[in-house]
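Everything below concerns the one structure shown next.
The values are calculated or read from the model by the stated rules, or taken from the named source; none is laboratory data. Values in this document were obtained by computation on a predicted structure and should not be read as measured data. Every residue, glycine among them, receives a Cβ derived from its backbone with ideal geometry; neighbour counts consider all protein chains shown.
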Amino acid sequence: MKKNQIGTGKAHAKAILIGDHAVVYNQPAVAIPLLDLVVSASFQHLEKGQTIILTGRAHELSELGADLEGIRQLIVALLKDDDKADTGFLLEIESNIPQERGFGASAALATAITRAFFKWQDKPLSNKTLAHYTSLAENISHGSPSGIDAATVSSEEPVWFKDRINTTFETTLDATLVLADTGVRGQTVRAVNIVKEQLKQHYDDSWGAIQHLGELAYGVKKALQENDAIALGQLFTSAHHDLQALQVSHPKLDQLVAAAIDAGALGAKLTGSGIGGAMIALVETDEYAEKVVLALKKAGAQETWIQPL
């Protein structure tokens, strides 16, 4: 590595189309990359200090707050494994991925940092090694994540995820996805614990909802491959009802889902862990997308995005 060498890495956001929470219980899931929401990272050498610039603010590695503990430990591991624990560096991070909204922001950040570090050290990076480091950060940030975020933030194709094995597939769907932020931070760990509690208190109903979400996943994949937007929209709405039954929705999510459907969406559901965060709605045309966006904003959405499928 040359002292003036700069290593850069990027990753993008993701949205879970089906399988939220159910994927933790070995049910299949489908997620798509959101290629317009990107995080980039760059490493370069410093004579002194280990400095991270994030959202315009400089932090020393040793002083990162608890909300960035996963990233701190990732960087510590990358340095230690490369025998560079005391090496000075400047890590600059830029991102337009909303935090704690179910878009895989933490997995994308870990992926971008890992890619940048290996580029900085001028070393090859295998998919297996990338997954190892991204999972290290995710395990600290989210407890025991399924791995679907890590798989999708580094893929440019839709991801079919089952039994912790991911494969990509092509979609022919001629439709558009509208995403909306409730403005309420998603609470992944809390939502996961709520599902666990529901299984303890109401096992039959809760396990039935989880299994149904798994069944719906096969339909979602088929609808994507066979250009069946109407079926896909219906599957979205059905999945939202299952997630409501698992108690991981939120009044603002339910309000936005209803507003989207009333405005002409083919279907809508929360995406990610729930208890706040974001929702998605499926529409047939860009014209409908704009109409749904207006309805979502009127219903209280803090931010919206339009994503072709």
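Out of all the residues in the stretch 132-159, which are under 20 Å from LEU64 (Cβ atoms), modelled with pLDDT under 85 and in a helix (DSSP H, G or I)?
Residues satisfying the conditions are GLU138, ASN139, ILE140, SER141, HIS142.
For the condition touching a residue at least 24 places away in the same chain (Cβ under 8 Å), not assigned by TED's automatic domain parsing to the domain that holds ILE32 and not in a strand (DSSP E or B), what is the one hit in GLN244, GLN234?
Within the list GLN244, GLN234, the selection yields GLN234.
Please determine whether any residue of the stretch 84-91 is under 24 Å from GLY272 (Cα atoms) and at pLDDT 95 or above.
No, because not a single residue in the stretch 84-91 is under 24 Å from GLY272 (Cα atoms) and at pLDDT 95 or above.
Being crowded, with 17+ Cβ neighbours inside 10 Å and at positive phi narrows it down to one of GLU100, GLU138, so name that one.
The match here is GLU100.
Taking the stretch 273-309 on its own, how many of its residues are farther than 13 Å from THR176 by Cβ and touching a Lys or Arg at 6+ places or on another chain (Cβ under 7 Å)?
Looking only at that region, the number is 6.
What number of residues within the stretch 17-72 satisfy the criterion of being more than 19 Å from HIS240 (Cβ to Cβ), touching a Leu at 6+ places or on another chain (Cβ under 7 Å) and assigned to a helix (DSSP H, G or I)?
Here the count works out to 2.
Which residue out of ALA41, ALA29, ALA58 is assigned by TED's automatic domain parsing to the domain that holds LEU130, within 16 Å of SER95 (Cα to Cα), among the small types (Gly, Ala, Ser) and surrounded by 15 or more Cβ atoms within 10 Å (Cβ to Cβ)?
Matching residue, one of ALA41, ALA29, ALA58: ALA41.
Go through (1) over 28 Å from VAL195 (Cβ atoms); (2) of a type outside the set (D, E, K, R); (3) modelled with pLDDT of 90 or more one by one and return the number of the condition GLY56 breaks.
(3)
Of the conditions (1) farther than 13 Å from LYS10 by Cα; (2) more than 17 Å from the chain's Cα centre (by Cα); (3) of a type in the set (A, V, I, L, M); (4) surrounded by fewer than 22 Cβ atoms within 10 Å (Cβ to Cβ), LEU74 clears all except one; give me its number.
(4)
In the stretch 276-289, what count of residues is obtained for those that are surrounded by fewer than 22 Cβ atoms within 10 Å (Cβ to Cβ) and in contact (Cβ under 8 Å) with a residue 12 or more places away in the chain?
Number of matching residues: 4.
Has the stretch 254-268 got any residue that is closer than 20 Å to ILE148 by Cα and crowded, with 16+ Cβ neighbours inside 10 Å?
no
Could we say that LEU34 is loosely packed, with under 15 Cβ neighbours inside 10 Å and not polar (S, T, N, Q) here?
no
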